[in-house]
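Asks: Encoded as structure tokens, here's the structure I'll be asking about.
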Protein chains: 2
Amino acid sequence: MNIETIQFDDKGLVPAIVQDAASKEVLTLAYMNQESLTKSLETKETWFYSRSRQELWHKGETSGNTQKIQDIRYDCDQDALLVLVTPEGPACHKGTYTCFSSSLDNQEVAVNETDSVAILTELERIIAQ
Amino acid sequence: MNIETIQFDDKGLVPAIVQDAASKEVLTLAYMNQESLTKSLETKETWFYSRSRQELWHKGETSGNTQKIQDIRYDCDQDALLVLVTPEGPACHKGTYTCFSSSLDNQEVAVNETDSVAILTELERIIAQ
């Protein structure tokens, strides 16, 4: 693990895009500090830093909707993370599959994990076995 | 358009996750201010705010690798954007399809737009016609 390559900002945080590894839908944008990134790597579940509550936050600790980490990638500037997960339930505190459920053209977007891409990704995985 | 619902941070910026609308791969995490978001909506191409150069930045203006916007979504806190695009070329200034090409387990990740998901998404689109 080369966690020391990650550039944390002046608040000690790095943005972490959470993506469903199967459906490839983007679920959440959250933030990690060094401690939460270390805990995420150790436990293989997502830990974030809550900017509003100013504390470490284990996703799903109260709701049960944990996220099992499949991979953590970083970008060319080393200042953003992409966390590929298998979600155990809704990512959003509002109970929806993804936090990105609204479009700027005023429409609600129906995004779910059982769409064709997820099914086909699963099919591809089975075929590859 | 309800751009006024978007919460810009104390620097006037909002993080914008750029995702390929077909393959669903995450390409880049960039930042928009109100002006670049407005220009993105007007031109249907991505405009960002460069934090290092402190200026507006039309993606692909010099490289030709523009990104045609299909949809812009926002999250439950209205403080993050998800921009679904059709890329005209590599998203990364290093010439790769996505900026997220490295994994924390020290492996380079081969991500490209012609993977099975993109092909199947395209197939689904053709069938739906």
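Asks: Per DSSP H run of n ≥ 4, the term is -39500 (n - 2.57); total these for the protein assembly as shown, divide by its residue number, and report the mean residue ellipticity at 222 nm rounded to 500 deg cm²/dmol.
Replies: Here the helix-only value at 222 nm equals -5500 deg cm²/dmol.
Asks: Could you work out the relative contact order of chain B? I mean the mean sequence separation of Cα pairs under 8 Å and 6+ apart, divided by the number of residues, in percent.
Replies: Over chain B, the number comes to 25 percent.
Asks: Ignoring ligands, DNA and RNA, how much accessible area is buried between chains B and A, both sides summed, with a 1.4 Å probe, to the nearest 100 Å²?
Replies: 3800 Å²
Asks: Pairing the Cα long axis of helix A:116-128 with the longest principal axis of chain A, what angle in degrees results, from 0 to 90 and rounded to the nearest 10?
Replies: So the inclination is approximately 90 degrees.
Asks: Can you pull the percent of chain B's accessible area that's carbon plus sulfur, 1.4 Å probe, other chains left in place?
Replies: 48 percent
Asks: While we're looking at this one, here's another question. Could you work out the per residue convex hull volume over the alpha carbons of the protein assembly as shown, in cubic angstrom?
Replies: About 138 Å³ per residue, rounded to a whole number.
Asks: Still on this structure, I have one more. Alpha carbon centre of region A:1-28 versus region B:68-118: separation in Å?
Replies: Cα centroid of region A:1-28 versus Cα centroid of region B:68-118: 13 Å apart.
Asks: So, one more: Nearest beta-carbon of B to the rotation axis carrying it onto A: which residue, how many whole Å?
Replies: In chain B, the Cβ lying nearest the symmetry axis toward A is B:LYS24, 2.
Asks: Another one. Measure nothing fancy, just the Cα-based angle from helix A:34-43's long axis to the longest principal axis of chain A, in degrees from 0 to 90, nearest 10.
Replies: Computed tilt is about 50 degrees.
Asks: Place the label 7 angstrom along Cα→C-beta at B:ASN2 and in each other copy, then list the distances from the first to the rest in nm, shortest first.
Replies: 4.4
Asks: If you plug each phi of region B:76-82 into the Karplus form 6.51 cos²θ - 1.76 cosθ + 1.60 with θ = phi - 60°, what whole-Hz ³J(HN,Hα) values come out, in order, with x for Gly and Pro?
Replies: These are the phi-based 3J(HN,Hα) values: 4, 8, 6, 10, 8, 10, 10 Hz.
Asks: Nm distances between the label at B:SER52 and the same-position labels in the remaining copies, 7 Å along Cα→Cβ, shortest first?
Replies: 3.3
Asks: Beyond 28 Å between alpha-carbons counts as too far, so tell me which of A:LYS11/B:LYS68; A:LYS68/B:LYS68; A:LYS44/B:LYS94; A:LYS11/A:LYS39; A:LYS24/B:LYS94; B:LYS11/B:LYS44 fall in that bin.
Replies: Beyond 28 Å: A:LYS11/B:LYS68; A:LYS68/B:LYS68; A:LYS44/B:LYS94.
Asks: Quick check: net charge around A:PRO87, other residues with Cβ under 10 Å of its Cβ, Lys/Arg +1 and Asp/Glu -1?
Replies: -2
Asks: Can you list, shortest first and in nm, the gaps between the label point of A:GLN70 and those of its counterparts in the other copies, using a point 7 Å from Cα in the C-beta direction?
Replies: Nearest first, the other copies' label points are 1.9 nm away.
The values are calculated or read from the model by the stated rules, or taken from the named source; none is laboratory data. Because the structure is a prediction, the values reported are computed rather than measured. Cβ: placed from backbone, ideal geometry, glycine included. Neighbour counts: every protein chain shown. The protein model used for the area step is the full one, side chains on, heavy atoms only, and it has no ligands, DNA or RNA in it. Shrake-Rupley method; radii C 1.70, N 1.55, O 1.52, S 1.80 Å.
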